[in-house]
Structure formats: C-alpha cells, structure tokens
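Taking it in order: structure first as structure tokens, then the write-up.
The values are calculated or read from the model by the stated rules, or taken from the named source; none is laboratory data. Quick caveat, the model's predicted, so the values are computed rather than measured. Neighbour counts run over all protein chains shown; Cβ positions are idealised from the backbone, glycine included.
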Amino acid sequence: MTFRLVFAAIMALAFSLPAEAGVAVQAWGGIGKQGVDLYVLTNARGMEVKITNYGGIITSIRVPDRNGKLENVNLGFDRLEDYLSPGYGGRYGALIGRYANRIKNNSFRINGVEYRVSREAYSTVDNKPYDERVWEASTSNFSKEARVELSLLDRSGTMGFPGTLRVRVMYLLTDDNVLRITYYAVTDKETVVSLTNHAYFNLGGDLSGSVLDHLLTVNADAITAVDETNTPTGEMRPVAGTAFDFRAPRPIGSRIKDPDPAIVRAKGYDQNYAINGKPGTLRLAARLEDPKSGRVMETWTTQPGVQVYTANYSPPPVALAKGYQVHGGVALEAQGFPNAPNIPAFPSTRLSPGQDYRQITEYRFSVK
C-alpha cells in the first residue's frame with residue numbers, strides 16, 4: 001500500500017472515531033471590567049452546545065438530522081455585540097429570573113407586605129435582570145459528561161423582590177444528546193422564585209424558515225385562562241375542543257389563526273400549559289418534531305407549567321439582519337405558573353429561608 005493510501009486510511013479512521021466529550025472555553029469579549037466567555041460543550045456523539053456566562057445564554061445547539069447532518073436548532077448569535085445591540089429585546093436563549101413571566105399589576109403580597117416589581121425601575125448597575133448579568137462560571141467533565149455551572153448573588157431589592165437569593169444553574173450535556181438544565185436557589189428572606197430559559201427552537205435549522213409545520217405535542221389537559229393582558233386569572237381551562245389542544249401531535253400552524261381572543265391578542269400561541277403529572281417529578285412536558293429533517297426534541301421537566309410561545313412578533317433588528325422571521329422559532333419554557341404569587345390555588349412559587357429551590361428541565365434530542 002502506498003504512503004498516500006495509508007495516510008488516507010488513517011485520516012478516514014480518525015474522522016470516524018467518536019468525538020471526545022468535554023468543555024472548551026473561549027474569550028468572548030467583555031462588559032465594562034467584566035470578562036465574558038463562551039463555553040463549548042461537546043459529547044461523544046458530536047452534539048455541540050454553546051453557552052455564554054453573559055445572561056446564561058445558550059447561543060447555539062448543533063444536533064444531527066436523520067442523515068447525520070449537524071445544524072444549529074437554537075436561535076442565537078455569534079457575537080456578544082449582537083446581544084448588546086440597540087433594540088435587542090428578544091432574550092434569545094437567556095436565563096430569566098427572578099420570576100419568569102407575568103405577575104398581575106407587577107405586585108404581590110407576602111405576609112401582608114406588598115411588593116412592587118419591575119424589570120427596569122428597581123434594577124441597578126450591579127443588580128440587573130438575570131439575562132443582563134455576567135455570571136460566575138466553572139467547568140468540569142462529570143462522569144465523562146460536559147458541564148458548565150453558573151452562579152450569581154441576586155441582592156434583596158433587585159427588581160423590587162424581597163430577599164437575597166443565591167442562584168446556581170448547571171448546564172450538562174450527556175452522551176445521549178440530552179441538554180439538562182438544573183436550577184438551584186436559596187434565600188435569606190421569604191420571596192418568590194420562578195427560573196427558566198428563553199430558548200427558541202427550530203429543528204429544521206435556525207435559518208430554515210418558520211416552525212408552523214413542526215409537529216407539536218403538549219402533555220397537558222388544561223391551560224391557565226388569561227385576562228386581556230394575557231395574565232392568568234386563576235381559572236383552569238380544559239384544552240379539549242379548543243385550538244390549544246396539542247395532546248396529539250399536530251402542526252403548530254394548523255390553528256394559529258383561530259379566533260380565540262387569547263390567540264388573537266398574542267398573534268399566535270403565548271400560553272402556559274399545566275403539565276400533567278405531579279410537579280416536582282421529572283415528566284414529559286412537550287414534544288417537537290420536524291418532519292423534513294427528522295429531528296425530534298422532547299422537553300422534560302419538574303416544573304408545573306410550560307409556556308408555549310411561537311415568536312409572534314417581528315424580531316429585533318439584529319435578528320432580522322441575520323434572517324430570522326415571525327414564527328421562526330418556538331419557545332417551550334418550563335416554569336412556575338405565571339401570576340402564581342397572587343393565586344393561592346396555583347402551585348406555590350414561594351421560597352423561604354432553609355428551603356432549597358431545585359428544578360430540572362431537559363431537552364432530549366433524537367431523530368425519526
């Protein structure tokens with residue numbers, strides 16, 4: 001055998017070997033005096049997830065289709081500057097806290113004391129909302145699975161919330177193509193907490209067009225009914241016989257123009273589903289399938305609810321420039337119920353000193 005043939009055989013063998021799981025760290029710029037890094041998690045099957053410690057943002061998720069072709073299925077950007085650009089407000093792939101989603105009139109009471117909260121009014125330079133903070137980060141390979149752990153100190157009064165919260169969020173990529181997010185928090189004063197990640201998914205690839213032909217299944221018999229501000233009223237509304245019924249798989253766009261007032265107001269789906277099963281147990285929340293590529297993603301969580309949001313509005317300028325469009329992705333945000341601090345019948349989102357907040361959400365990728 002000639003040298004050229006031997007070299008070709010060696011190279012072919014090298015490229016056929018499984019990838020090695022691990023974490024690579026890249027400098028990604030900075031904000032003020034704080035450095036920002038990008039963490040690249042890779043598993044033994046070649047799946048790759050990129051996460052930055054700015055806002056805990058998932059910037060990309062590359063998974064194979066039925067033919068083994070890798071594509072990014074997460075809407076996001078390649079530069080830190082894009083997330084800081086004027087008019088940016090999409091919070092693509094970011095950690096959301098201290099409380100994900102709506103609270104009626106931005107106020108609630110704990111032990112008779114009223115707290116008024118606001119994303120902007122009560123935040124300071126050092127204590128901004130979670131998606132605008134530079135988190136502390138540490139990395140390691142755990143049981144041959146790549147992970148990055150982020151942490152921050154959320155001081156009492158930030159955004160108007162009581163209690164100083166110590167928060168940790170761990171992203172772990174398994175060799176089974178599962179991205180697991182585990183949220184931890186403790187407080188020094190009774191407060192409310194609901195943490196989530198605001199990733200948008202397009203299983204055809206982030207620039208493949210709309211997700212209206214994706215098949216969606218949601219493991220929920222009811223939604224939280226909403227008022228004219230899209231805030232839950234406390235009523236549980238069965239999905240049977242409505243455009244919100246995704247208990248069996250059907251295209252996202254099949255009834256997205258339904259005249260239901262909640263759909264009309266939101267210009268599509270923007271709804272919290274009450275996941276079947278016991279909150280606190282890891283169970284299926286939703287399943288997404290792209291028939292064209294064969295990619296499938298299941299969302300499993302310990303949370304009580306999942307917000308289905310179909311990117312109903314024109315994207316911010318930086319996203320339009322990249323080629324993103326209305327309905328170009330779908331968010332499946334596992335969370336506490338919106339407005340739960342004001343509705344005792346909802347699963348509680350209160351956290352007291354001595355208690356541990358711990359929630360898990362998994363995105364399980366496969367092909368069909």
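A few comments on the model shown:
- The number of residues in the range 180-197 being outside any strand (DSSP E or B) and surrounded by fewer than 21 Cβ atoms within 10 Å (Cβ to Cβ) comes to 3.
- Test for residue 91: is it at positive phi and not polar (S, T, N, Q): yes
- For the residues 217, 139, the requirement of being modelled with pLDDT of 95 or more, among the polar types (S, T, N, Q) and surrounded by fewer than 21 Cβ atoms within 10 Å (Cβ to Cβ) singles out 217.
- Among the residues making up the range 183-213, those that are over 14 Å from residue 358 (Cβ atoms), in contact with a strand residue (DSSP E or B) (Cβ under 6 Å, 6 or more places away or on another chain) and small (Gly, Ala, Ser) are 199, 205.
- Count - residues of the range 142-156 that are farther than 23 Å from residue 194 by Cβ and either at pLDDT 95 or above or in contact with a Gly (Cβ under 6 Å, 6 or more places away or on another chain) (or both): 1
- Check on residue 40, closer than 14 Å to residue 177 by Cα, modelled with pLDDT of 95 or more, assigned to a strand (DSSP E or B) and not charged (D, E, K, R): no
- Single residue of the range 40-70 satisfying the filter (small (Gly, Ala, Ser) and surrounded by fewer than 24 Cβ atoms within 10 Å (Cβ to Cβ)) that is nearest to residue 366 (Cα to Cα): 68
- Exclusive hit being over 24 Å from residue 304 (Cβ atoms) and outside any loop (DSSP other than H, G, I, E, B), set 153, 172: 153
- Residues in the range 239-263 that are in a loop (DSSP other than H, G, I, E, B) and touching a Leu at 6+ places or on another chain (Cβ under 9 Å) were compared, and the one that is surrounded by the most Cβ atoms within 10 Å (Cβ to Cβ) is 246.
- Residue in the range 152-161 that is under 20 Å from the mean Cα position of the chain (by Cα), farther than 15 Å from residue 330 by Cα and surrounded by fewer than 23 Cβ atoms within 10 Å (Cβ to Cβ) present: yes
One line per residue, one yes/no per condition, for (1) in contact with a strand residue (DSSP E or B) (Cβ under 8 Å, 6 or more places away or on another chain); (2) among the acidic types (Asp, Glu); (3) at pLDDT 95 or above:
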position	(1), (2), (3)
49	yes, no, yes
71	yes, yes, yes
85	no, no, no
89	no, no, no
96	yes, no, yes
105	no, no, yes
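- So residue 272, is it under 22 Å from the mean Cα position of the chain (by Cα) and part of a strand (DSSP E or B): yes
- In the range 76-126, the qualifying residues are those that are β-branched (Val, Ile, Thr) and surrounded by 14 or more Cβ atoms within 10 Å (Cβ to Cβ), and the one that is nearest to residue 324 (Cα to Cα) is 96.
- Residue under evaluation residue 121, criteria (1) closer than 30 Å to residue 45 by Cα; (2) modelled with pLDDT under 95; (3) part of a loop (DSSP other than H, G, I, E, B), criterion not met: (1)
- Residue count for the range 327-357 satisfying the condition of being over 16 Å from the mean Cα position of the chain (by Cα) and either of a type outside the set (Val, Ile, Thr) or surrounded by fewer than 16 Cβ atoms within 10 Å (Cβ to Cβ) (or both): 18.
Residue-by-condition table, conditions (1) among the basic types (Lys, Arg); (2) buried (at least 22 other Cβ atoms within 10 Å of the Cβ); (3) touching a Leu at 6+ places or on another chain (Cβ under 8 Å):
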residue: 237; (1), (2), (3): yes, no, no
residue: 265; (1), (2), (3): yes, no, no
residue: 271; (1), (2), (3): no, yes, no
residue: 304; (1), (2), (3): no, yes, no
residue: 313; (1), (2), (3): no, no, no
residue: 325; (1), (2), (3): no, no, no
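- Qualifying residue in the range 223-231 (condition: at positive phi and loosely packed, with under 15 Cβ neighbours inside 10 Å): no
- Residues in the range 88-118 that are part of a loop (DSSP other than H, G, I, E, B) and of a type in the set (Gly, Ala, Ser): 89, 90, 93, 94, 97, 100, 112, 118.
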